[in-house]
Amino acid sequence: MKHNFDWQPILLQCKANVLVHVQPLLKTLKEPQIDLGRGAGGDQMKMVDLAAEKAIVEVLLQNGVSFTLVSEESGVKEYGSQAKDRYVTVDPIDGTTNLVRGLPFYCSSIAISNEPQLSKVNAAMVTDLLHGTTYMAKHGKGANRNGEKIVTSAVTSLAEAVVGLDLNTYKINELALQASALIGQTKHIRHFGANALELCFVAEGLTDAFVDIRGKLRTTDVAAGFLILKEAGGVISTPDGEAVDAELDPRQTVKFVASGNPEIHQAILSLIQPK
Ligand SMILES: [Mg+2]
């Protein structure tokens, strides 16, 4: 019998513990950093990434949670006697480059599911570690920002829209071909460098869509943000308009268009050129 946890307080404890462990490290970023190799997701690991992951695991264990951790840093690891009952998918720090450079945009992302599948995530938190903004969602119960219900934007015209687009790739020729019509017809294009938080910006209606069709964004980055956006009324699909689902695994990547409403979603899909 699976124990039913009340995730909201546990996730908030995770946030608090991440801050306790990460804040002292922010003061040491100008010093030479130890080479920690690459994490399970393929990125260079930093002390802050590991400290944040450790802080999350610590809180879950303190709360008696048995779980399989699916982390961008440590990969897949089992904790407790019923580890297969529950999956905790984390990007301990999303936006590590921003954090290390002192750019004020990074977050922690935690998603809870009973199966290692993107579509099965039933509780989620994305928390901006610098500004104290926390987005949470529970399946079927809506999404909130610091406890207040959020809904997506009603902007349907790209001529009025602010659209996030991740252009961070060496394969820019390929991506430029696919995205040039969209860029050409959108009023404002943005990319801040922490995709989990950028999905929450769409959830809150700060931006109208977020597009990542590079094929390199991992499920660990989007697991929590997808639930928050869906619960806020947003629409997510592949660039071909199919449902996005994938295994929760640090090596599994997805391509997607995430929008505030169906009208702008269709407008974006119609402009993305097939590969
Ligand atoms: Mg990370």
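Nothing in this text is a laboratory measurement; each read-out follows from the coordinates by a stated rule. Here the structure is a predicted model, which is why all the values come from computation and not from measurement. Cβ coordinates were reconstructed from backbone atoms using ideal geometry, including for glycine residues, and neighbour counts include every protein chain displayed.
Table for the structure above
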quantity: Stokes-Einstein D (µm²/s) once Rh is taken as the Kirkwood radius of region 1-84 over alpha-carbon pairs, at 20 °C in 1.002 mPa s; calculated: 153
quantity: Karplus-derived HN-Hα couplings along region 17-29 (A = 6.51, B = -1.76, C = 1.60, θ = phi - 60°), whole Hz, x at Gly and Pro; calculated: 6, 4, 4, 4, 7, 8, 4, x, 6, 4, 7, 9, 5
quantity: Percent antiparallel among DSSP beta bridges (both partners in the chain, rounded to 5); calculated: 80
quantity: From phi via Karplus (6.51, -1.76, 1.60), per-residue ³J(HN,Hα) for region 5-16 in Hz, x at Gly/Pro; calculated: 8, 8, 6, 3, x, 5, 5, 5, 5, 4, 4, 4
quantity: Inter-label distance for VAL151 and LYS27, nm, one decimal - labels placed 7 Å from Cα along Cα-to-Cβ; calculated: 4.6
quantity: Alpha carbon centroid spacing (whole Å) that separates region 110-142 from region 1-78; calculated: 15
quantity: Estimated vicinal HN-Hα couplings, Hz - region 114-130 in sequence order (Karplus 6.51, -1.76, 1.60; Gly, Pro = x); calculated: 8, 9, x, 9, 3, 5, 9, 5, 10, 8, 7, 9, 10, 10, 6, 7, 9
quantity: Lys, Arg +1 and Asp, Glu -1 on Cβ, resulting dipole of the chain about Cα centre, debye, nearest 20; calculated: 200
quantity: Mean Cα-pair separation over length for the chain, i.e. relative contact order, pairs under 8 Å, 6 or more apart, %; calculated: 17
quantity: Amide H within-cut-off set for ALA161, under 5 Å, with H built and near neighbours excluded; calculated: LYS187, HIS188
quantity: Inter-label distance, nm, simple model (7 Å from Cα along the C-beta direction), HIS131/HIS191; calculated: 2.0
quantity: Amide hydrogen neighbours beyond the local backbone of TYR106, cut-off 5 Å, H modeled; calculated: LEU129, LEU130
quantity: For region 172-194 versus region 211-234, the gap between their alpha-carbon centres in whole angstrom; calculated: 17
quantity: Over region 152-250, relative contact order from alpha-carbon pairs under 8 Å, at least 6 apart, %; calculated: 33
quantity: Average silhouette area of region 113-179, convex hull of alpha-carbon atoms, in square nanometres; calculated: 7.8
quantity: Cα gyration tensor, region 1-152 - rounded (a/c under 1.5), prolate or oblate; calculated: oblate
quantity: The chain: projected area of the alpha-carbon convex hull, averaged over directions, in nm²; calculated: 13.7
